[in-house]
1. If you go through region 294-307 one residue at a time, do you hit one that is among the charged types (D, E, K, R), under 13 Å from the mean Cα position of the chain (by Cα), away from ligand 1 (no atom under 16 Å from the Cβ) and at negative phi?
2. Taking region 167-177 as the region of interest, how many residues are over 17 Å from residue 263 (Cα atoms) and either within 16 Å of ligand 2 (Cβ to nearest atom) or surrounded by 24 or more Cβ atoms within 10 Å (Cβ to Cβ) (or both)?
3. Of the residues that make up region 258-266, is at least one part of a helix (DSSP H, G or I) and small (Gly, Ala, Ser)?
4. Just the residues that are surrounded by 22 or more Cβ atoms within 10 Å (Cβ to Cβ) and either assigned to a helix (DSSP H, G or I) or more than 15 Å from ligand 1 (Cβ to nearest atom) (or both), please, taken from region 196-206.
5. Restricting the search to region 263-293, which residues are more than 15 Å from ligand 2 (Cβ to nearest atom) and under 18 Å from residue 154 (Cα atoms)?
6. Within the group 56, 95, 118, 41, which residue is modelled with pLDDT under 95 and surrounded by 12 or more Cβ atoms within 10 Å (Cβ to Cβ)?
7. Which is surrounded by 15 or more Cβ atoms within 10 Å (Cβ to Cβ) and touching a strand residue (DSSP E or B) at 6+ places or on another chain (Cβ under 7 Å), of 187, 220?
8. In this structure, does residue 317 turn out to be out of contact with any Asp or Glu (no Cβ under 7 Å at 6 or more places or on another chain) and on the phi > 0 side of the Ramachandran plot?
Amino acid sequence: MAEENNEQKPRDNSQRRRYPRYRRPHNKPTEVPADEAATPETTHVDTTLETPVTPEPQSVQRQQQQHPQQQSQSQAQPPAAQRLEYSVVIPLYNEEESLRDLTEQLKVVLTRLGGRYEIIYIDDGSTDNSFRVLRDLHFKNKRIKVIRFRRNYGKSAALMVGFQKAQGEFVITLDADLQDDPAEIPNLVKQIRAGFDVVSGWKKKRHDPITKIIPSKFFNFVTSLATGIKIHDFNCGLKAYRKDVVKSVNVYGELHRYIPALAHWQGFRIGEVPVQHRARKFGKSKFGGGRLFKGGLDLLTVLFTTRYMTRPLHFFGVWGILSALAGFILDAYLSVEWMLGRTALSNRPLFVVGLILIIVGVQFVSLGLLGEMITKGQNTEKEYSIREVLK
Ligand code: UDP
Ligand code: MG
């Protein structure tokens, strides 16, 4: 299935000194040792608390490391003094008890990291006091921005709106329930600076109920197999992205579980770092038992909108031809038997099975051809992810 060339090369940017070793996804996981290093258009936003972030003193700015990509695009970029380095995007739904603690922990980590930052909370229609707490935090600290949905749209929608608002060069996402440790952020950022486009956390030692760990293991196994990306934990809330990535992935429905796959498909380099995970202290998990089933359907969506989007016949054609061929062989065998007088077809249900296989096979091939016709009629230009244009 994964006949694409998965090998990902580092950017040919001479200013970057060190690349992390990225192994072929099929051979080895992309783990980087920790020590080494609802659709948005229809989303109703109720209240937005936003204030421009006041520039940091010069001394802080000088400590900032300029990213090679920023250097190459420096003409189009604002001057360093105004540039925002980190955007932390946090989707939340009824997490009132965790928000103050989380903000404090984030402030400590981000201040230590240096560089200007913003924290964007997306209140996904909370029915508890979450928004009141956030409003309070916003009034105390203008780097904290809050977007409030009018109703609960889901984590993907919240992330997508956060991604649209984020202005930092590095975008970090984490869950609001304190299960993700903000102290891991510098490690993730380090890997992005070293050349990855997306670095996903890997909850190596999970602190969740077993009823969640087992389905999650299964989900990760299947997703890794189907997408060809060998990471262990697709659904970790803690991730870091280069800005380009969040501006070009389209996350809707419940596709947040597949962001690494969507990004990988656009040619972005995906890395993984083991991270500390903590047990949920307050509130309860917002995702119920249906997640595995929905996740499975979403995997189909991801495969079809990425891998087979531009060549539907490759999927339908293969299965269609296999099915028709199996039916043909079966029926040919039975026909020969019948001609030799060894069997009567009227009492061989297998003959009907063979016929069904042929019919289904032909239908699959036709479906693939129809898909090809639709794809050809569309403007496929927007399906290609362009990194740079030199004019
Ligand atoms: N979340 C959200 N909208 C939802 C469900 C969840 O914004 O409809 C947030 C939630 O508040 C948390 C994150 O997504 O910050 C992860 O949710 P949760 O902790 O329930 O997931 P789990 O850790 O159980 O996978
Ligand atoms: Mg959680």
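1. Applying the first criterion (among the charged types (D, E, K, R)) to region 294-307 yields 294, 298, 307.
Applying the additional criterion that residues be under 13 Å from the mean Cα position of the chain (by Cα) yields 298.
Cutting the leftovers down to away from ligand 1 (no atom under 16 Å from the Cβ) gives us none.
No; the residues of region 294-307 include none that is among the charged types (D, E, K, R), under 13 Å from the mean Cα position of the chain (by Cα), away from ligand 1 (no atom under 16 Å from the Cβ) and at negative phi.
2. Taking region 167-177 first, the residues over 17 Å from residue 263 (Cα atoms) are 167-168, 174-177.
When the remaining residues are screened for being either within 16 Å of ligand 2 (Cβ to nearest atom) or surrounded by 24 or more Cβ atoms within 10 Å (Cβ to Cβ) (or both), the result is 174-177.
The qualifying residues number 4.
3. Of the residues in region 258-266, the ones part of a helix (DSSP H, G or I) are 258-265.
Narrowing the set further to residues that are small (Gly, Ala, Ser) leaves 261, 263.
Within region 258-266, one or more residues are part of a helix (DSSP H, G or I) and small (Gly, Ala, Ser).
4. 196, 197, 198, 199 - these are the residues of region 196-206 that are surrounded by 22 or more Cβ atoms within 10 Å (Cβ to Cβ) and either assigned to a helix (DSSP H, G or I) or more than 15 Å from ligand 1 (Cβ to nearest atom) (or both).
5. Here is the first cut: in region 263-293, the residues more than 15 Å from ligand 2 (Cβ to nearest atom) are 263-274, 289-290, 292-293.
Matches in region 263-293: 289, 290, 292, 293.
6. Details: 95 fails: modelled with pLDDT under 95; 118 fails: modelled with pLDDT under 95; 41 fails: surrounded by 12 or more Cβ atoms within 10 Å (Cβ to Cβ).
Step by step, each of 56, 95, 118, 41 is checked, and only 56 is modelled with pLDDT under 95 and surrounded by 12 or more Cβ atoms within 10 Å (Cβ to Cβ).
7. Working: 220 fails: touching a strand residue (DSSP E or B) at 6+ places or on another chain (Cβ under 7 Å).
Just a single option satisfies the conditions, and that option is 187.
8. Details: out of contact with any Asp or Glu (no Cβ under 7 Å at 6 or more places or on another chain): yes; on the phi > 0 side of the Ramachandran plot: no.
Here the answer is no, as residue 317 does not meet what is asked.
The values are calculated or read from the model by the stated rules, or taken from the named source; none is laboratory data. Bear in mind that the values here come from a model prediction, so they are computed numbers and not experimental data. Neighbour counts are summed over all protein chains in view; Cβ atoms, including those assigned to glycine, are modelled from backbone coordinates with ideal geometry.
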